[in-house]
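Written out below as C-alpha cells is the structure these notes cover.
The values are calculated or read from the model by the stated rules, or taken from the named source; none is laboratory data. Only a predicted model underlies this, so the values are computations on that prediction, with no experimental measurement involved. Note: ideal-geometry Cβ built from the backbone for every residue, glycine included; neighbour counts use all protein chains shown. Remember, those area values only see protein heavy atoms, side chains included, never the ligands or the DNA or RNA. Shrake-Rupley method; radii C 1.70, N 1.55, O 1.52, S 1.80 Å.
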Amino acid sequence: MTGISLSANSFTQNLLEGNRQKCSALAHGFLASGHSVMDLYEHVFKPALYEIGRLWETNQISVASEHLATAITEGILNELFEQIVSEQKKPRRVVVAGVENEHHQVGMKMVADVFEMKGWESFFLGASIPVSELIRFIRRIKPDLVAISLSVYFNFANLLKMLEELRRVFPNLQIILGGQAFSHLSPEARLSLGSVEIITDLYSLEKYIDALNPNSKI
C-alpha cells in the first residue's frame with residue numbers, strides 16, 4: 001500500500017498547487033501500473049479530497065483552493081468516462097443525488113460511475129437536490145434504486161426529511177445511503193434512518209450491486 005499512499009499524497013499536493021496536468025498524469029499513470037479505476041477512486045481520489053476538505057475546514061487553505069481541487073478531480077473523472085462504461089448493459093436504473101444544502105458531489109459521481117461499470121444506467125443529479133424535484137424525476141425515470149449522498153453531518157435533518165418524503169410517495173423504493181457523514185453516525189441516528197442500506201466504500205458498493213438479483217425488479 002506504500003506506493004498507493006505515495007500516489008495519494010502526490011495527487012493531493014498537486015491538487016493544492018492547482019496543477020491539473022500533473023494530476024491527470026498521476027491518475028493515468030496509476031491505472032497504467034495495473035490498478036483499477038476502483039482503486040484510483042478509493043485510494044487516491046477519496047483520501048486526497050478528504051484531506052483537502054480537512055485543510056479547508058481548519059482554515060489552512062482557502063475556499064477557492066478547495067473548489068479548484070474539486071474541479072480538477074471532476075475533470076479527470078470525465079476523462080475516464082470511456083474506461084467506465086460497460087459494454088454489457090443491464091436493464092437496471094439508478095438515480096444518484098445529494099440532499100439539500102449539500103455541496104460536495106465528487107463522491108456521488110464516483111458512485112454513479114461504479115453503477116455504470118456494472119452495466120447499470122445511472123442518472124447523476126449532483127448535489128443539493130430539492131426533494132420535490134427528486135420525486136418528480138423518480139416518477140419519470142422509474143429507477144430500480146436510489147442512492148443518496150450525505151457528506152456533511154450538519155445536513156442530517158435534511159436527509160431524514162428526504163427519506164420520509166420518498167417513503168411516503170414510493171413505499172417500495174429501494175434506497176441506499178453513503179458519504180463521509182456516516183463515519184460520524186451515532187447508534188441513535190442510525191436507528192432514525194429506518195430500514196436502509198448504508199454503503200461505506202466503493203468496494204462494498206460493488207459487492208452490493210453484484211448481490212442484487214439481475215433477473216428481478218427491486
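Here is how the numbers come out for the structure above:
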{"read-out": "Members of segment 112-142 found to be in contact with a Ser or Thr (Cβ under 7 Å, 6 or more places away or on another chain) and either among the hydroxyl-bearing types (Ser, Thr, Tyr) or under 16 Å from residue 212 (Cα atoms) (or both), listed by number", "value": "115, 116, 117, 118, 119"}
{"read-out": "Filter result for residue 78 (closer than 30 Å to residue 173 by Cβ and outside any helix (DSSP H, G or I))", "value": "no"}
{"read-out": "Matching residues in segment 105-121 - criterion: being outside any strand (DSSP E or B), open to solvent by 20 Å² or more (accessible area, probe 1.4 Å) and without any contact (Cβ under 8 Å) to a residue 60 or more places away in the chain", "value": "105, 109, 116"}
{"read-out": "Residue within segment 62-74 that is assigned to a helix (DSSP H, G or I), of a type in the set (Ser, Thr, Tyr), in contact (Cβ under 8 Å) with a residue 12 or more places away in the chain and within 30 Å of residue 145 (Cβ to Cβ) present", "value": "yes"}
{"read-out": "Check on residue 124, under 21 Å from residue 41 (Cβ atoms), outside any strand (DSSP E or B) and not polar (S, T, N, Q)", "value": "no"}
